[in-house]
Each structure stands twice: as C-alpha cells, then as structure tokens.
Amino acid sequence: MAEIRLDNISKTFNEDRVVKNISLTIKDGSFTVLVGPSGCGKSTILRMLAGFEKQTEGDIWIDDKLVNDLAPSKRDIAMVFQNYALYPTMTVKGNIEFGLANRKIPKKERRQLVEEIAEIVGLSDHLNKKPDKLSGGQRQRVALARAMVKKPKVFILDEPLSNLDAKLRTQMRTELIQLHKKLGTTFVYVTHDQVEAMSMGDEIIILNKGMVQQKAAPIDVYQNPRNLFAAEFIGQPPMNVFDRTAYEGIVEPVPEGVRYIGFRPEHASVSRTAASIPHTIELESEILTLETLGAETIYKVKNRIGVMNIRSFSAPVAKDGCCFVSIPLEKFYPFGADKIAKPELDLSMKKEAVLNGIG
Amino acid sequence: MALVKDSMGMGERRSTSQSLVSWTRLRPYAMISPAILVFCLFFIYPIGYMVYLSFHDWNFVSPTKEFIGTANFTYLLSNLEFREVIVNSFIYTFFTVFLTIGISLLLALWLNRGGAIYSFLQASIFSPHITSLVSVSMLWMWIMDADYGLLNWALNLIGIESIPWLTSPDYALTSLIMVAVWKGIGFNTLVFIAGLQSIPKDLYEAAELDHTPPWRRFLRITVPMLSPTLFFLTIIGIINSFQVFETINLMTEGGPINSTNTFVYYIYQYGFQFFKIGYASAAGVILLVILSVLTVIYFKVLSKKVHYR
Amino acid sequence: MKTPLILKVINGLGLVLLFIIFAMPFVWMASTAFKTLGETLTFPPVWIPESLQWANFAQAWNSGPFLKYFFNSVIVTLFILILQFATIIPAAYAFARYQFPLKNFFFALTMICLMIPSQLIFLPVYLNLSSWGLLDSIWGLILPFATSAFGIFLLRQSFMQVPEELLEAARLDDATEWQIIRKIMLPLAKPVLITLALFSFIAHWNDYFWPLVMTTTDNARTLPLGIAMLRQVEGGAAWNTIMAGNLLLVVPILIIFFFAQRHIIRAFVYTGVK
C-alpha cells in the first residue's frame, strides 16, 4: 500500500534545470508510466524517487512518509534497471538472495523465499547459473525476481524492456501487466516508447523539458491530448499538425484563438474517387510513398495543406498518382498559440466551413 | 555518482546521528590517506628535501648544512667528470633504446604467429625480463669474461680475436648496452606483438581488396597503427635507461676510467662513497629535470593523440 | 600459396639462433654451477661437467647467512604485497567512486608519484630513514613500497568500468560500501589484482638496488644482495659457486614463469599498453 506524492520537485545539475516544479500523485496500486523523449527528466524523477539523487527543491512522500532524507535502501522500494544490473560474479540464487542476506534474514527463510520467487518467474532450473550464461529474457526475470523477493511497497522499472528483441519485448509486456495484477503493488515505469506506455500503464505521465505535459489514462491521452506535445508524442505515425494558414480556403473561417490544427493519421481516409461527405473536407492529393503493413497501410501524401501521413485499414489504393483524402471535421484538434488544446473551439460546428479542396 | 554520495550523505545527516555524516564525508579521505601518507613520506617530501639539499654543502655527519646557493650546480656543470657522465648517459640511453626498439619491432613482425613454436620463443625471449638484474649482470660478467668467457670462445670459433668486454674503456659501455638490449628485447617485442594484434584485421582485408602491396600495407597500416605503442616504448625506454644502475654497479663500477659512469651511479658514488650530499643532490635535481621534461613531453604528445585509434 | 623450402629452412635456422641467444646464457649458468673450479678455467670451455658438483650450492649457501637473506626476502616481499593491497584497494575505490573536495589534487599527487622512480630519490629517502632510525631494518625496505601509485591507477581504471547501476542495485539491496567492494568490485577486478600481485612480487623479489642502498649489515639484507656478495667471497672469482648461487635466485622465478607464463606475460604486457 503506497501512494507516492511529489511536491514541487525541482532538480538542477550545474545550473541546468532538468526537472521543473513537478507536483504529482501516483496512486496506490497503479501502474504509472513516465514517458517522454530522452532528456525530458523522466529518469531523473525516477532516480530521485529511488533516492539515488537528491532533489534540489521539494518533497517526496511515499506512503505518507517524507523520504527526502532516507537512503535508497530505507525507502522500501525495489528497482529493475535498464541493463538489469545483475551482479556478474554471483549466481542467479546469489543475485536474488543478496539483499536478503544483507538484511540478515536467516538462511532457511532466505532459501524458501528464493525458491518461491524463482518458481513464480520460472527460474527454478537456473538458480546456480551465472548471469552471463542466461538469455536476455532470463536475465530480465532475474532482475524482476531480485526486486520481488524484497516485497517492496513500490516497484520502479527503468526502461526494463529496452534491451530485449521485439518479440520478447511484447511477451514480457504482457507478463509485467499480469505480474502487476498479481502483486497489486504500485508500479512506476519509465520508458521513452509511447507504445509501451499506452499498452501497459493505467496512468500515463507525459514529460517534456522537465515538466508534466499531461497525466491521464492512456485512452484519455489519446482522445484528449492536453497540448501539442502530448498530441504529437502519442500515436504512430504522429498527429498531422499544420499552422492555421495552411487551412486557408479549406476551413473557413478558422475560429479566432486557434493557431494550430491537427488530425490523427488514422482519422483520415484515402479513396480513388471523390465522394462528397458532409462535415468532411476532401483534398485531391498525390501519393508520395506507401507502406503496406498487412492489416494497415500508411500513406504519405501531398496536397494543398501540406505533406501528411494517413493510416488506412482498408486495402491499399493505387501505389502512386492521385487520390482523395477526406478528414471529418469533428476529428480536428484545434490548439491555441500557447500550444494548449482548445476543445471548446470545435470546428465541426461551423457548417459554412465545409468546402471542397481543389488540389 | 557524486550526487548519489551526496544524497546519501545528506540523508544520513538528518535522519541519523551527527557522527554518521562526518563519516560519509570523511570516508573518502580515510580511504586514500594510507596511500597518500606513503606518497608524502617517501616520494614528495624526499623530492623537496633533495632540492633543498642541492643548495647546501653537507657531508652527512656534520651537524650543520651550509647554504651555498647554486655553487653545487655551477661546479657540476663545469666538472669534466660530470660531463663524461652526461655523455655516457646519453650514449647509453640512445643506443639501448634505439637497438632495443628496432630489434624488437623486427622480432615482433617475425614472431607474431600462432603455433606452439612461436609462443615458446616469445616466452624464451621474455624470460630475461623477469630475471633479477643481479643474475643477469653476473651471468653476463661470466659470459663476457676476457679469458674464459663464452662470448670470446664463440668469437674465436668464427675467427675473431678475443675482446676485453668489460675491462677496456673502449668496450665497457658497449657491453653494458648489449646486456640491456638482451634483457629488454623480450618485453618490447611482446608489447609490439600485442600492438600488432590489436590492429583490426579488416584493415588488412580492405587493403588486400585494393591490391595494396605488402610493403605499402606495412607503411600505411602497420606503422601508423603501431605508432602509439612505439611512442610509449620509446619514452619508457628512455626514462628507464637514464636510471641504469644495477648492471653498472655489479659489472663495471663505473669504470674502467669512468667510461661507464652514468647518472644514478654517479649520485650513488658521491652520496655514499664521498659523502658529498649536497653535490649528489644537485646531480639528482638535474636528473629530475631531465625525467620531468621527458614525462611532460610524453603526456603532451599523448593528449594530442598521436593515436590513430 | 606454398612457402618455398629454402625460406622455411632460413626461418627455422633463424628461430634456432634466436633461441640460442636467449636460452644459452641460462644453460651456461646451469652448466657452470655444476662444474669444479678447474673446469671453469678451461678454454675452450666444457659444456658438460665430468661429475655434478652439488657441493657448489652448499658452498654458495654457506658462504653467508643465506637463510637469513632468504627469510628477509620472503618477509619483505610478503609485507609489501599485503600492505599494497591494503592501501591500493580503498584508495582506488575512493578515486573511482567518490566525489570529494581535493580529489583531483590527490589523484594528481598519485600520478606524480607514479612517475618518480626510486633511483631518483634514494638519497633523500636514505637520509630520512636514517633520521627515523629505520635504516638497515626490513621496514626501510617495506614502508616506501607500502603502496603503489601504479596499482592505484590500474585498479581505479578497473573499478571505474563497473557500471553505476550495479552499485545502485547493491545499495538498494542494503549492501554496505565494504560489502560492495568485497562482493562486487574485487571479484570483477580479479584479473587486475592477479596482474598487480605478480608484477609486484617479481619486482620486489628481484630488487637489488633498494636493499643495497638501505642496508649496511646482514640484519636486513635480502637474497639478491647475498647473491651479489658472492663475488667478493674468496678473493678471486669462483664462477661455479657464483653461478650456483644465482641459479638459486633464478630458478624459483623461472619455475613460476613456466607455470604462470600466460598470466605473467599478459600482466607485463598489459602494463605496457595500458
């Protein structure tokens, strides 16, 4: 049972403010993902949470206990490191047991705990091997076992899947979600991969330049991005965003206060022929490239607005040449000059805005 | 890492007793202090003391050390015997390093192959390097014995007359250089071989695809890639040769007629046989300057990266 | 492409010549050690003595207090090794893993000491030891080498290569700094530790210069000094006894070399290409 509270946290490295006045609450028992591009401050937050680094300002509370001045080992947390940080000279058993032995837990109890955990993560046959004899997935499991055996209040996972190959990564993702369900402990997970964030977290915290951009459930982040950064960061390919001037003569008039307009690639559609649908803009476009991924097709097209990505789930149209791209007006995301989303300025309400783009 | 320590230090300060803080703060110093103490007592302080003594006249037993300014240095530099020492040191160093490195490079190119025979030979030529200089010196004294020595016997076999290796001023320094080269080759060769083996094979494969002739491959790939090793061995060789003592002390005692007297032996003689401490210290200061210059050159060049890696 | 036979022969002859140049002196040493004095004074020399003069070894051994020399050598080398490890490990760890005021200054000091050869400072150290009453004692042979700048440098390199994550994991696991050193750092640095031990052992077991300068009586003399003094025994040069004595000094090292050849060569070459 542990809720984590960051209260006005800042971190400065040699005059460089990498974390700026962050306040947030990580709910007890949640699977919270900190996601953002490299250098956004997510690892620093994690390391401050673990106690490896000390915040320049602000307080950290774990389970209503102020932990600012507690050494890492006293915070009742366990961590899975990006490169696993397995002790290379110890066996799997030694790795899992090390923390218990340091806490002077009796040998018998230790052995029982180790065997129990090894059973859960499926390492029982490998207890006497050294880490360099294990596969990537097995090492990952040792790292998990080593964290679990301490029965911590909080699990901290620092990009734990980044060293695995694609197939194993997907598998471990599911396993981690199941593990979280089984343990019911608070998970704080750091990644730069938005797909991982979306698929695993029940709460996502998007960070950029040391500040929280948005904190919400994955589906919320996707549907209602709070600002341009969140909008562009989540989704693959990213949201197509253009300046209001690009829509001149297409969406008229663009409401006052809207500076940028974006739409998700999967909300537009591509067809061979024009088919005037109400409340939808239609643009004659040129196909630049086309990636066929089986279930879906990604187009890169050029039209009056600019170059954009379209993600289509229907069978691909011709490889190149002309096509028509239609985007329902209700799917547009307007943003103000401050790059904050302006959902109240809904474009679809303006009937007179419907116009057919003529390529 | 710094911050880790810092945070832990702070943590312990407020949450636990005051004494713990000071311990985390002091711990690094406690950990380096035994080593630093030894350095100060046996390296740093003696250097300072030597510089101090070099400006004084002292015979080791008298209770007072008389300050005489730079007199020791002016006397040294005008002294014919000391000039001989400097010349000897330079000759010894130049030829020892030049021959050792040259021969070692050739041997490395020759012996850098797989197979039991080659690794056995590599070990054989290395064995003098780990043999005590006492044994090396005495063994070669015996081999170079003018009357019953093995070397003269071998020369006689091929029709060359016996040579008074260690007893003639014409040959003594040469003989010492020969011994130094014999002892040093193994180490240098193996370092060169290590250097050769660190050159990526694909460089040679690329050159072969370009139809580069072997000698060009040697000049354009091997030599540049080996240059850091060559540089390192040269500087280390020079620094070590300037300090030669054991072979001189055991084999020639600086003679005959001062022909093999070099720096360290000269300091030893003046310090321990003639008890002119200030004077010997002044000679030591000059050696210190020479070695410092070499060391500075070494690091200057190193930081400029002659490396091609 | 086949190498022509003639080149193979030349190569083979070259290898044999090389072997003779480097191995023959040792064979000659062994041969002489078993000769009678008369046999050493023949020209051309005889290679195989008529009968093996084992008495030469006894004579060399008994020409001075060799048991004492041997004992001193063992004590001095052993203490140097123990003290070096005791001082190098914490210092290297502090330099590699802690950040503290004046760290760079102290490390620069260490690097300067790495550059100072004992041949340069023996005179002032001698004077200091003499004023501290440590002259002609084994402590005068041990204490100046109680640490090794080279060792600190090498071990620090090795410690720095251990990823920070590993230490953080250990700290989360409640490990003390000493446990981190003992359970994680030292096992990882094992090759470097072996290198340092071999290097230091050979250097100090063989050392002649320092004991020569710092001792005046048999009280603290070591084996190399005793062997060197064989020259002065019995006036003239009894090469058979001298070589017998030297064989006693050389053979143990060569035996170690024979068994730990790869390790020793790697140790020395590693120090050369650091």
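All of the numbers you see were taken from the coordinates with simple rules; none came from a lab. In this text the structure is predicted, and so the values were computed from the model without any measurement. FYI the Cβ positions are ideal-geometry reconstructions off the backbone, even for glycines, and counts take in every protein chain you see.
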- Item | Dipole in debye (nearest 20) - the protein assembly as shown, about Cα centre, beta carbon charges: Lys, Arg +1; Asp, Glu -1 | 1160 debye
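So what is the relative contact order for the stretch B:134-232, in percent, with contacts set as C-alpha pairs under 8 Å and at least six apart?
Computed over the stretch B:134-232, the figure is 18 percent.
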- Taking chain A as a Gaussian network, Cα atoms linked when under 10 Å apart, which of A:L86, A:L164, A:L144 shows the biggest mean-square fluctuation? A:L164
- Query: Measuring from a point 7 Å past the Cα of A:R17 along Cα-to-C-beta, which residues in the stretch A:27-65 have an amide N at less than 19 Å?
  - Reply: A:39-46, A:48, A:54-60
- Backbone HN-Hα couplings from phi across the stretch B:141-153 [Karplus 6.51/-1.76/1.60, Hz, Gly and Pro as x]: 4, 5, 5, 8, 3, 5, 9, 10, x, 5, 5, 5, 4
- Note on the structure: Rh (Kirkwood, all Cα-Cα pairs) for the stretch A:4-227, Å, reads 18.1 Å
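Of the DSSP beta bridges with both residues in the protein assembly as shown, give the percent that are antiparallel, rounding to the nearest 5.
75 percent
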- Task: Search the structure for amide H atoms under 5 Å from the amide H of A:E3, placed 1.01 Å from N in the peptide plane, and list their residues when 5 or more places away or on another chain.
- Result: A:D63, A:D64
- Given charges at Cβ of Lys, Arg, Asp, Glu: the protein assembly as shown dipole, positive-most of B:L209, B:W140, A:L161: A:L161
- Task: Tell me which residues come under 5 Å, amide H to amide H, from A:T280 once H is placed; ignore anything under 5 positions away on its chain.
- Result: A:L329
- Note on the structure: Per its Cα gyration tensor (rounded if a/c is under 1.5, else prolate when a/b beats b/c, else oblate), chain C is best filed as oblate
- Everything considered on the Cα gyration tensor (a ≥ b ≥ c; rounded for a/c under 1.5, else prolate if a/b is larger than b/c, else oblate), the stretch B:233-309 must be described as oblate
- Query: Going by the alpha-carbon gyration tensor, a ≥ b ≥ c the square roots of its eigenvalues, is chain B rounded (a/c under 1.5) or, if a/c is not under 1.5, prolate (a/b greater than b/c) versus oblate?
  - Reply: oblate
- Most fluctuating residue of B:A35, B:A180, B:A194 in a GNM of chain B with Cα springs under 10 Å: which is it? B:A35
- Of all the stretches in chain A, which is the longest one without any exposed loop site, taking GluC sites (Glu not before Pro) in a DSSP loop (any state but H, G, I, E, B) with at most 14 other Cβ atoms within 10 Å? A:16-247
- Amide H contacts under 5 Å for A:N21, restricted to residues at least 5 apart in sequence or on another chain and with H modeled in the peptide plane, are A:S10, A:K11
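Could you tell me what fraction of 2.2 N^0.38 Å the Cα radius of gyration of the protein assembly as shown comes to, as a two-decimal ratio?
For the protein assembly as shown, the normalised Cα radius of gyration comes out at 1.28.
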- Taking chain A and counting helices only, DSSP H stretches of n ≥ 4 at -39,500 (n - 2.57) each over all residues, the nearest-500 ellipticity at 222 nm comes to -7000 deg cm²/dmol
- Any DSSP H helix in chain A with Cα axial reach of 27 Å or more and mean Kyte-Doolittle score of at least -1.0? Listed by number, the hits are none
- Those GluC sites (Glu not before Pro) from the stretch B:170-254 that are DSSP loop and have at most 16 other Cβ neighbours within 10 Å turn out to be B:E253
- Task: Return the sequence-ordered ³J(HN,Hα) values of the stretch A:208-225 in whole Hz as given by the Karplus equation 6.51 cos²θ - 1.76 cosθ + 1.60 applied to θ = phi - 60°, using x for Gly and Pro.
- Result: 8, 6, x, 10, 6, 8, 6, 9, 6, 5, x, 5, 5, 4, 6, 7, 10, x
- What list of ³J(HN,Hα) couplings, whole Hz, do you get for the stretch C:122-130 from phi and the Karplus terms 6.51, -1.76, 1.60, once you set θ to phi - 60° and write x for glycine and proline? 4, 5, x, 5, 4, 5, 5, 4, 5
- Query: Within the stretch C:1-87, which trypsin sites (Lys or Arg not before Pro) sit in a loop by DSSP and count at most 13 neighbouring Cβ atoms inside 10 Å?
  - Reply: C:K2
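Charges only on Cβ, +1 for Lys and Arg, -1 for Asp and Glu: so what's the dipole of the stretch A:4-227 about the Cα centre, in debye to the nearest 20?
680 debye
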- How high is the relative contact order of the stretch C:64-232, in percent, with contacts defined as C-alpha pairs under 8 Å that are six or more residues apart? 44 percent
- Pick from A:D165, A:D76, A:D243: which is most flexible by mean-square fluctuation in a GNM of chain A where alpha carbon atoms under 10 Å apart are linked? A:D165
